[in-house]
4 protein chains.
Amino acid sequence: MNQLLENILENCRKYTKDGKLASYIPELQKTDPEKLGICVVTDENALYTAGDSDIRFTMQSAIKPIILLLALMDRGEEEVRKLVGVESTGKPFDAFNYSDQALKREHINPMINAGAIALCTLIDGETYDEKFDRLLKLVQKLANNPKMEIDENVYQSEKRTGSKNRALAYMLQAYGLIHDQVEQVLDCYFKACSVLASSVDLAKIALVFAKKGKLSSGEQVFSKEYAKYINAVLMTCGMYDGSGEFALNVGVPAKSGVGGGIMAIVPNRMGIGIYSPALDSKGNSCAGIKSLELLSKELDLSIF
Amino acid sequence: MNQLLENILENCRKYTKDGKLASYIPELQKTDPEKLGICVVTDENALYTAGDSDIRFTMQSAIKPIILLLALMDRGEEEVRKLVGVESTGKPFDAFNYSDQALKREHINPMINAGAIALCTLIDGETYDEKFDRLLKLVQKLANNPKMEIDENVYQSEKRTGSKNRALAYMLQAYGLIHDQVEQVLDCYFKACSVLASSVDLAKIALVFAKKGKLSSGEQVFSKEYAKYINAVLMTCGMYDGSGEFALNVGVPAKSGVGGGIMAIVPNRMGIGIYSPALDSKGNSCAGIKSLELLSKELDLSIF
Amino acid sequence: MNQLLENILENCRKYTKDGKLASYIPELQKTDPEKLGICVVTDENALYTAGDSDIRFTMQSAIKPIILLLALMDRGEEEVRKLVGVESTGKPFDAFNYSDQALKREHINPMINAGAIALCTLIDGETYDEKFDRLLKLVQKLANNPKMEIDENVYQSEKRTGSKNRALAYMLQAYGLIHDQVEQVLDCYFKACSVLASSVDLAKIALVFAKKGKLSSGEQVFSKEYAKYINAVLMTCGMYDGSGEFALNVGVPAKSGVGGGIMAIVPNRMGIGIYSPALDSKGNSCAGIKSLELLSKELDLSIF
Amino acid sequence: MNQLLENILENCRKYTKDGKLASYIPELQKTDPEKLGICVVTDENALYTAGDSDIRFTMQSAIKPIILLLALMDRGEEEVRKLVGVESTGKPFDAFNYSDQALKREHINPMINAGAIALCTLIDGETYDEKFDRLLKLVQKLANNPKMEIDENVYQSEKRTGSKNRALAYMLQAYGLIHDQVEQVLDCYFKACSVLASSVDLAKIALVFAKKGKLSSGEQVFSKEYAKYINAVLMTCGMYDGSGEFALNVGVPAKSGVGGGIMAIVPNRMGIGIYSPALDSKGNSCAGIKSLELLSKELDLSIF
């Protein structure tokens, strides 16, 4: 397996040149665009890595499934579904899914920015600091890595420059979808996006979803139903408006982030984390997707 | 299993009252909205039925996966992908996915009307009659039912009243996505939508996709790759703008038609056909979806 | 005045190079793009011309105000308003003003294709030939030119290639806005667009609108109210999504056509016809608009 | 004339019941919805009033033409046009004129919220307090009323609750259309919307636009060109997506505000101010529009 991963990275390294670093968060521009790393963890907890699998990067949207998970754990499916829908939007990650007259909750998906921002308000906690702490603890538990923390520079950079996310959040407020102070909600969201993870961390988190909520310790952190919920949402909208293509070429639930990470979930079999920060026009890692395509073919990962 | 199916239908019969018959094709209004039938065929070719599983209805959009399949078989993936995209549209089945300036092929999906109409032009054949004959033969082969034929009344009814589909087809022509005579292309499409099938037929067709192109006779009708392609497209867009919800609640690739049929594919395990003509606002069978939700829970069908 | 017109054309001839001939009607491609002609008729029936004022071209959308006029004369304001709205669409001339769910009559304007096609159905006449004949007679009367006729080649060219207009018409039918046979309605519309006029004809027609329905003979052809109705609609939407710019730079009601003509109405003062077939990206004559800007400044034509 | 105005108000008072007070600014809900007042000032400075012409209300969007004017005076047409377009949007006043991919400056109009917010940044001044002071002084000068001031309660109410405007402003920032601190820009905009005026004030301001920049004192405050610019923009977009209807039924440039005021400009002839706070679905005063329709018919005000 380690050899297979090495081969795949070697074949796909060239695709790092097809993409560009995320430009809308200045701090993300400082990364080396040619990095590429991968980690696979199997259901028997065998762990394989290749390339820059230890480099840490900010999770960005790859945290969204965990925001959704915590909202589900704290409030249950009904309340979550009342706030945001589950249909694929067919639109870019930061799109305003807004008709000329209204913003409808069923047009928001938890895997696009508007949905994830809204879901931050459903996390339990007296303050938004507390909400974020609970989120971070859950991430650490899923990754079995208590050292996970935020990248203060990226967090501050996003906080300073996140006009589009502010626009989305105020829009949600204007339509009564969020009731708390926008800056506090965004602070929690920006922190969440800034959580540092390596490919190994992503792979381990993915494995928990693949094993439907069960940790390698045997502990059931969350219900099987929530795992299916989240995996389904990831399949239809996890790669934004590249989800259809990804379903076809890779065939497993996955979530990308503009930090360059992708977390891919092979139900009952394995978790995969990958990192390569050069992004395609839809905000997904170029070399990351190509590597997953190859890996899926080699190991017959597609669930279809 | 037969008992399970009976129980499920009994529990779900009440949902036939939540929906309405398709109104835009006059002939479809003549159906009895309370019918409900189901058929399950397993990978070992065991066949189970309950309720009105013998009633024949027009396939309507449930033929779309087979149009896509034949286009793939005749022209290959590259040519198909050049004509229509694979992203979920997040929009109703008959939507114009049209910005103020242009119609883009990547915004069309094979499972919505515009995409299926366009794909008819890729089927091999000297004439559109020949193209349709080849399509019908493929359907018959997949269902192992050489008696399948079109419902002449529904076909004529659609041909007479299909203004929206005509608008879509002329739009495709205006943007250079189809080059043949619109009325001929539509004739093929209307015939395809009018093919009569029972729940049993749908289940058998679904099983071929579940077994990745292999008939019960052992013959490999089409490549595994095409099966994965189609199953993936069905997962993300097979139930129109209800696909996200369906992925979550049922968790298998499926295709509905406004005739009331749903064909559901449980990869490697089974094919399911269901019929109940009362539709929800998105054009999907109400009682059909509910029955599939129950069945999925009972048999743990979700692939997530 | 003749000298002024000569000077203006001389200054503006260079702008014929900024535009392109309409490409979507093949026959229109055969024109000489450098032609430029103008005609001004005053309220005292003094007639001034310069340049290629005698060249005949097809009226195209410049016929739309007269379609609207005849519909108003035949059916009255209430019935016309029930069919199409009067708000500016802010969109291109051939846009589908169509939300994901519906086409609303209040989103259609008589000066865009969809609106003009719909209004053809309100013209009185047993057959569509008769409807068109009545329209042609009205145009001839307004222009005081009984020799006006259609350009058979352009008419046939549009009939053969008008996919976008067919799409619009079938869409109107699908939403119950037109009830007659689409091909017949379109035949009338295509003929109307193909009526040949010179700048002189356009100027004379414009003068009737400027004089609120009164011919130079003194005959009141239509009510003052209809003149105001049409002039107002022209001001807000006569130049498509270039109407705001035109209101600002020229400041009078006007209608352009992709044949290269513009008809401008200076209320109570004069009618202007201009011809130059090279169009800007919005379908308006480049040199025509520039000439009108100059003329408006020189003669202080703006009504604002 | 006074008698005519009394008659008109009497006829139109019933329409106050057709509308509703603006709901999105809580403070505006405290108004008496049945108030109705009008003022007409002629080019010879004769002033006529009827009804509640002395009641002061917040100008809201009726301040937009003056924001545009000051931006033109401070920066010139070129710079203003570089920031916001002049095409009618065909959309509600607070619409996001935003495609899935981008916000384009040519799709913003100075008479909708996004455009007016953007134009605040072009007003000269070291600070936003200074910018607003200069705007207020200009309003006072145009109305010849140095006592004009803001309604502190409405200003604070808008500042507290203006989520939609915050969303619009952050969107403008995200697309590089505004560069200053959003809260400062909005503070200026909210203050501008909260300026108190009576029908008499609006009529006097309108008269200055009607007389193309000339005060009753003879002073030319701004150039004729700017008056034509603003009048043209008001004609095509001053009443939002009710502008077409208004052009047809009243036929003069005008601007409404959700405070209930309408300022109507009859070029070269008169200025009209009207107040009635019950609004139609587009945000325009119901009885105000009806009164202007009657007045236009009686005095033949339409410029068409």
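Quick note: the coordinates plus some simple rules give every number you see, no bench work behind them. Since this is a predicted model, take the numbers as computed values, not measurements. Backbone-built Cβ (ideal geometry, glycine too); neighbour counts: all protein chains shown.
Working ranking of peptides B:151-159, A:108-116, B:32-40 by packing, defined as the average number of other Cβ atoms within 10 Å per residue, highest first, is A:108-116, B:32-40, B:151-159.
Within 10 Å of each Cβ in A:157-163, how many Cβ atoms from other chains are there, averaged over the peptide? Before the final figure, lay out each step's value.
Working: counts 0, 0, 0, 0, 2, 3, 10.
Other-chain Cβ atoms within 10 Å of each residue's Cβ, averaged: 2.
Using only the Cα atoms of the range D:20-69, build the gyration tensor, take square roots of its eigenvalues as a ≥ b ≥ c, and label the shape rounded, prolate or oblate: rounded if a/c is under 1.5, else prolate if a/b is larger than b/c, else oblate.
On the way: a/c = 3.71, a/b = 1.36, b/c = 2.73.
Cα axes put the range D:20-69 in the oblate bin.
Take D:K297, push a point 7 Å out from Cα through the beta-carbon direction, and compare it with the same point in every other copy: 4.1, 6.3, 7.5 nm, smallest first.
Treating only the Cβ of Lys, Arg, Asp and Glu as charged (+1, +1, -1, -1), what charge dipole size does chain A show about its Cα centre? Round to the nearest 20 debye.
Working: 35 positive and 39 negative charges, 54 e Å.
About 260 debye.
Expressed to the nearest 5 percent, the antiparallel share of DSSP beta bridges inside the protein assembly as shown is 100 percent. Placing unit charges on the Cβ atoms only, positive for Lys and Arg and negative for Asp and Glu, gives the protein assembly as shown a dipole magnitude near 0 debye about its Cα centre.
Helical runs assigned H by DSSP (4 residues or longer) give chain C a calculated mean residue ellipticity at 222 nm of -14000 deg cm²/dmol, each run adding -39500 (n - 2.57) before division by the residue total. Distance between the pseudo-spin-label points of B:M1 and A:A102 (7 Å out from Cα toward the beta carbon): 4.5 nm.
Sorting B:268-274, D:223-229 by average packing, meaning the other beta carbons within 10 Å per residue, from highest down gives B:268-274, D:223-229. Each 10 Å bin from zero up to the one holding the largest Cα-Cα distance in the range B:163-228 carries the following percent of pairs: 18, 29, 27, 24, 1.
Between helix C:199-210 and chain C there is an angle of about 70 degrees, using the helix long axis and the longest principal axis of the Cα atoms.
Across chain A, Cα-Cα distances exceeding 36 Å account for 9% of all pairs. With viscosity 0.692 mPa s and temperature 37 °C, the Kirkwood radius over alpha carbon pairs of the range D:61-193 converts through Stokes-Einstein to a diffusion coefficient of 220 µm²/s. Counted over the protein assembly as shown with a bin width of 20 Å, the fraction of Cα pairs per bin, in whole percents, is 11, 35, 36, 17, 1. Here the alpha carbons of the range C:1-108 define both size measures, Rg and Dmax, at 18.9, 55 Å.
When every Cα-Cα distance of the range A:209-302 is counted in 5 angstrom steps from zero, the calculated P(r) takes the values 3, 15, 25, 25, 17, 11, 4, 1, 0 percent. Going by alpha carbons, how many degrees (0 to 90, nearest 10) lie between the helix axis of B:182-193 and the longest principal axis of chain B? Tilt of helix B:182-193: around 10 degrees.
Please grab the % of Cα pairs in the range B:146-186 that end up more than 13 Å from each other. Intermediate values should be presented prior to the final figure.
Details: 478 of 820 pairs.
For the range B:146-186, the fraction of Cα-Cα distances above 13 Å is 58 percent.
Explain nothing, just the number: relative contact order of chain C, from Cα pairs under 8 Å at least 6 residues apart, as a whole percent. 28 percent. Across q = 0.10, 0.14, 0.18 Å⁻¹, the range D:109-265 modelled as identical point scatterers on its alpha-carbon atoms has Debye log10 I(q)/I(0) values of -0.37, -0.75, -1.26, in the order of the q list.
Taking every residue in C:246-259 and counting other chain Cβ atoms within 10 Å of its Cβ, the average works out to 3. Here the range B:136-232 is assigned +1 on the Cβ of each Lys and Arg and -1 on the Cβ of each Asp and Glu. Its dipole about the Cα centre then comes out at about 400 debye. Mean separation of Cα pairs under 8 Å and 6 or more residues apart, divided by the residue count, gives the range B:62-193 a relative contact order of 29 percent. Between the residues B:L186, B:F222, B:A232, the greatest Cα displacement towards the positive end of the dipole of the range B:175-246, with unit charges on the Cβ of Lys, Arg, Asp and Glu, is found for B:F222. If you find the alpha carbon centre of the range D:204-261 and of the range D:1-54, how far apart are they in angstrom? The range D:204-261 and the range D:1-54 have Cα centres separated by 18 Å.
Taking the longest Cα principal axis of chain B as reference, the axis of helix B:128-143 is set at about 20 degrees. For the range D:1-148, lysine pairs with C-alpha atoms less than 18 angstrom apart, excluding pairs fewer than eight positions apart on the same chain, total 14.
Legend: mean number of C-beta atoms from other chains within 10 angstrom of residue C-beta atoms, peptide B:232-239, equals 6. For B:Q156, the point set 7 Å out from Cα toward Cβ sits 3.6, 7.5, 7.8 nm from its twins in the other copies, listed from shortest up.
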